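Student: Take a look at the following structure, please.
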Amino acid sequence: MCPTLGHVLSSHNLIDCDVLDPVRSAMIDSCIRVMDNGRESIHRKVFFIFTLYNTSNHNDQLKLGAYSPEEAARWIHSFQEAAIKGGPDPGASVLNCSKMSRHSLRLSGSNRVSHVIPVDWTLGTSNHTDLVASDVVAPSPWTIFGFQNGLRLFKEAKEWDSHGKWDDHPAVMAVGVVDGTSEAIFQTLMSLGPSRSEWDFCFYKGRVVEHLDGHTDIIHKQLYSDWLPWELKCRDLLLRRYWRREDDGTYVILYHSVFHKKCPPQKGFVRVCLKSGGYVITPVNQGAQSIVKHMLAIDWKYWKSYIRTSSGRCITIKMLGRVAALRELFQAKIGNFSSNFSSGELARNVMFHDDRPMESLKDGRTVEEMSDGSGKAPSEHASLLSLNDAADEFFDVLEPSDDQSESSWSRDFAPDIYPQGHHPRLSTAAGFVRKLHDLAVQKRGYVDLQDMVTEDIVSCCYGTTLPKDPTCMLTSSWTEADPSTFLIRGKNYLKDHQKVKAKGTLMQMVAADWLRSDKREDDLGGRPGSIVQKYAAHGGAEFLFIVNIQVPGSTTYSLALYYMMSTTLKDAPLLESFVKGDDAHRNSRFKLIPYISKGSWIVKQSVGKKACLIDQALQMNYFRGSNYLELGINIGSSTVARGVVNLVLGYLNSLVIEMAFLVQANTEDELPEYHLGTCRLNYLDAARSVLLKQ
């Protein structure tokens, strides 16, 4: 990988690693995207996988693997930087970008390129990285209540909580500092092998029941009974586990209880319900240490007539003491810590001209499936697909075994999973039928969107299906969020990297849609009868900006947010350049700041409060009309986003979701930033989404 002119991705033969000429190479330009595929087990070794793909040709892909999540993150970041630097001129059209991409990624037989400079991971980039942990101004949801074994103990504050009152199954968190890198701690926490007995005094044994994707799996843990009160039998947990890595090196691991047909309740064990839990591992002191936060909200499933409620709370606090045990483990192993996740030996390595190889992992395509152009001139660079050569296959990789060890995954990717969760009681008398449904939910433990919808087909007038409610009391309603809740880049951001509270928004939110269909619904603004077309018919100067968030599945849900400015685009140069620019320019600028203002800790932690460039994680499609621009955001285009959304959907009707949208300002002339618009979505209910006529 070369960060200089040309942005060439090269494949070298390790046998002749001193030879500068690559075996094959491909050009990285603004049409290249990177997808984080997470962990994958190959020959009982864990690798961290990511895929390069061409937005102008989705069949042009290359899957790569790294030994560690940190190494994978560094490569992903470098590819993203190379794609940004390899972008077309600001005035170039989308068509020009697409043509350039196809030309630069043609196949070649024997490639010769100029000397490639190795990637220097220590250098800064042209794309400023925001160092703040949050872009939202909000009070902490935690209140400290104690200190034990060197750990601070917190409980989740509730709006109705007063005078230190505890509920039956409180969310409790322990916070401590561990002398280890966030990556090493992450891998230690993910392990279900024998090494876990070195620090986890609760853990008896565990296994992976099913591997869903690189960021999500189903795990089963059995707990020792000797640390529990004598009245309690052995306990076990069946959990859905999700993980991700943040840009600052923070690792997030989230758990919640599920049902799974492959792991029913077992004789001799009482299955407890983990409502939400997990770890947040944040590097500090230049990465030498990490702050570890461990949170649990758990129902231990005991008879309250025999054991006091406070005993359950004490058990949870005792379990959180594992953070202290983890701290002692790393303290004892300072300078002598080795990871259990060895990389293994592979048949052949794809190597960037650097001292660290990466494994090329074939995704099932044959050499004959490569794009046309195999007879092109030697001077032309190959496509990404051409780097997937038959010689790179792992012929010595065994099929996954039938045992359920940490690194053996099930090949069945169609899970029968039902997350357990608590949902708020209905306050209306009209909920008798819903209460019957809730009884089924309590038995099964999951609010399935497919079960919540009704089959009534309603004639849709786009822009009117979700009502506005400034009082925030109505279920499935919207209003505008307070702009000052969100931080934006200030006037001197390029010098001091300081963010400030936003004072307002450029556009006003005027409508919202909450729709469902059996297919993805694009270009809502261009449809007859929509609010956009009504404004266009009046011939006014209004310009509308539509954000269409699409959640694919057997039923596809669309949340469309409509924003309007009453003046012309010329009055907002930054927005004008975004609207009139090509897709590459738009992709590099559009940002979202999410915030779960009310909801479960596990959802708040999974969503976060950090601004992100959407295109770095999700596929976006643009639709331009005379008086509008619509952005279609495909949530299903990322395994990381799918994991977050699947978690959020299970709690959807108990959440208040706030968002802010903006165009990132990169130059002094563009600063300070401003919000295009904000929104607040109150307790969305899938049953109230509108089914579109086909």
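Student: When you scan segment 594-620, how many residues do you find that are assigned to a helix (DSSP H, G or I) and on the phi > 0 side of the Ramachandran plot?
Tutor: 0
Student: I would also like to ask the following. Just one of (1) within 22 Å of residue 178 (Cα to Cα); (2) of a type outside the set (Asp, Glu); (3) out of contact with any strand residue (DSSP E or B) (no Cβ under 6 Å at 6 or more places or on another chain) trips up residue 261, so point out which.
Tutor: Of everything listed in (1) within 22 Å of residue 178 (Cα to Cα); (2) of a type outside the set (Asp, Glu); (3) out of contact with any strand residue (DSSP E or B) (no Cβ under 6 Å at 6 or more places or on another chain), residue 261 misses just condition (1).
Student: Considering 56, 41, which residue is more than 27 Å from residue 210 (Cβ to Cβ) and of a type in the set (Ser, Thr, Tyr)?
Tutor: Details: 41 fails: more than 27 Å from residue 210 (Cβ to Cβ).
Only one candidate qualifies: 56.
Student: Scan segment 656-666 and give yes if some residue there is free of Cβ contacts under 8 Å to residues at least 60 places away in the same chain, more than 16 Å from residue 547 (Cα to Cα) and not in a helix (DSSP H, G or I), otherwise no.
Tutor: no
Student: Across segment 557-589, what is the number of residues that are crowded, with 19+ Cβ neighbours inside 10 Å and hydroxyl-bearing (Ser, Thr, Tyr)?
Tutor: 5
Student: (1) over 19 Å from residue 612 (Cα atoms); (2) hydrophobic (A, V, I, L, M, F, W, C); (3) surrounded by fewer than 21 Cβ atoms within 10 Å (Cβ to Cβ): which one isn't true of residue 686, the others all being true?
Tutor: Evaluating residue 686 over (1) over 19 Å from residue 612 (Cα atoms); (2) hydrophobic (A, V, I, L, M, F, W, C); (3) surrounded by fewer than 21 Cβ atoms within 10 Å (Cβ to Cβ) leaves (3) as the failure.
Let's see how each residue does on (1) surrounded by fewer than 18 Cβ atoms within 10 Å (Cβ to Cβ); (2) in the same structural domain as residue 293 (by TED's automatic domain parsing); (3) modelled with pLDDT under 95; (4) over 16 Å from the mean Cα position of the chain (by Cα):
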{"position": "225", "(1), (2), (3), (4)": "yes, yes, yes, yes"}
{"position": "228", "(1), (2), (3), (4)": "no, yes, yes, yes"}
{"position": "236", "(1), (2), (3), (4)": "no, yes, no, yes"}
{"position": "245", "(1), (2), (3), (4)": "no, yes, yes, no"}
{"position": "248", "(1), (2), (3), (4)": "yes, yes, yes, no"}
{"position": "256", "(1), (2), (3), (4)": "no, yes, yes, yes"}
{"position": "276", "(1), (2), (3), (4)": "no, yes, yes, yes"}
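Student: Now for a different question. Inspect all residues belonging to segment 515-530 and state whether any of them is polar (S, T, N, Q) and either closer than 20 Å to residue 621 by Cα or outside the structural domain of residue 637 (by TED's automatic domain parsing) (or both). Break it down stepwise before answering.
Tutor: Looking only at segment 515-530, we keep the residues that are polar (S, T, N, Q), and these are 517, 530.
This time we only want the ones that are either closer than 20 Å to residue 621 by Cα or outside the structural domain of residue 637 (by TED's automatic domain parsing) (or both), so: 517, 530.
The answer is yes, given that some residue of segment 515-530 is polar (S, T, N, Q) and either closer than 20 Å to residue 621 by Cα or outside the structural domain of residue 637 (by TED's automatic domain parsing) (or both).
Student: Separate question: What number of residues within segment 218-240 are assigned to a strand (DSSP E or B) and touching a residue at least 40 places away in the same chain (Cβ under 8 Å)?
Tutor: 5
Student: When you scan segment 616-641, how many residues do you find that are of a type outside the set (Phe, Trp, Tyr) and under 18 Å from residue 521 (Cα atoms)?
Tutor: Start the filter on segment 616-641 by keeping residues that are of a type outside the set (Phe, Trp, Tyr), which leaves 616-621, 624-627, 629-641.
Checking which are under 18 Å from residue 521 (Cα atoms) leaves us with 618-621, 624-625, 629-637.
Count: 15.
Student: Still on this model: Of (1) under 28 Å from residue 214 (Cβ atoms); (2) among the β-branched types (Val, Ile, Thr); (3) modelled with pLDDT of 95 or more, residue 663 satisfies all except one. Which?
Tutor: (1)
Student: Looking at (1) modelled with pLDDT of 90 or more; (2) of a type in the set (Gly, Ala, Ser); (3) crowded, with 22+ Cβ neighbours inside 10 Å, which one does residue 643 not meet, given that it meets all the others?
Tutor: (1)
Student: Just checking, which of 561, 544 is more than 22 Å from residue 617 (Cα to Cα) and modelled with pLDDT of 95 or more? Steps first, please.
Tutor: Values: 561 fails: more than 22 Å from residue 617 (Cα to Cα).
Just a single option satisfies the conditions, and that option is 544.
Student: Taking into account only those residues within segment 513-541 that are part of a helix (DSSP H, G or I) and out of contact with any Gly (no Cβ under 7 Å at 6 or more places or on another chain), which is modelled with the highest pLDDT?
Tutor: The initial filter retains those residues of segment 513-541 that are part of a helix (DSSP H, G or I), namely 524-526, 531-538.
Those left that are additionally out of contact with any Gly (no Cβ under 7 Å at 6 or more places or on another chain): 524, 533-538.
Numbers: 524: 94, 533: 91, 534: 89, 535: 88, 536: 88, 537: 88, 538: 85.
Here the answer is 524.
Student: Quick check: anything in segment 570-593 within 30 Å of residue 254 (Cβ to Cβ) and in a helix (DSSP H, G or I)?
Tutor: The answer is yes, given that some residue of segment 570-593 is within 30 Å of residue 254 (Cβ to Cβ) and in a helix (DSSP H, G or I).
Student: Ok, one more. Inspect segment 161-168 for any residue being at positive phi, out of contact with any helix residue (DSSP H, G or I) (no Cβ under 9 Å at 6 or more places or on another chain), modelled with pLDDT under 95 and assigned to a loop (DSSP other than H, G, I, E, B) and give the result as yes or no.
Tutor: Taking segment 161-168 and keeping what is at positive phi, we get 163-164.
Among the residues that remain, those that are also out of contact with any helix residue (DSSP H, G or I) (no Cβ under 9 Å at 6 or more places or on another chain) are: 163-164.
Those left that are additionally modelled with pLDDT under 95: 163-164.
From what is left, the residues that are assigned to a loop (DSSP other than H, G, I, E, B) are 163-164.
Yes, because at least one residue in segment 161-168 is at positive phi, out of contact with any helix residue (DSSP H, G or I) (no Cβ under 9 Å at 6 or more places or on another chain), modelled with pLDDT under 95 and assigned to a loop (DSSP other than H, G, I, E, B).
The values are calculated or read from the model by the stated rules, or taken from the named source; none is laboratory data. Owing to the predicted nature of the structure, the values given are computational and were not obtained by experimental measurement. For neighbour counting, all protein chains shown are included, and Cβ atoms are generated from backbone atoms with ideal geometry for every residue, glycine included.
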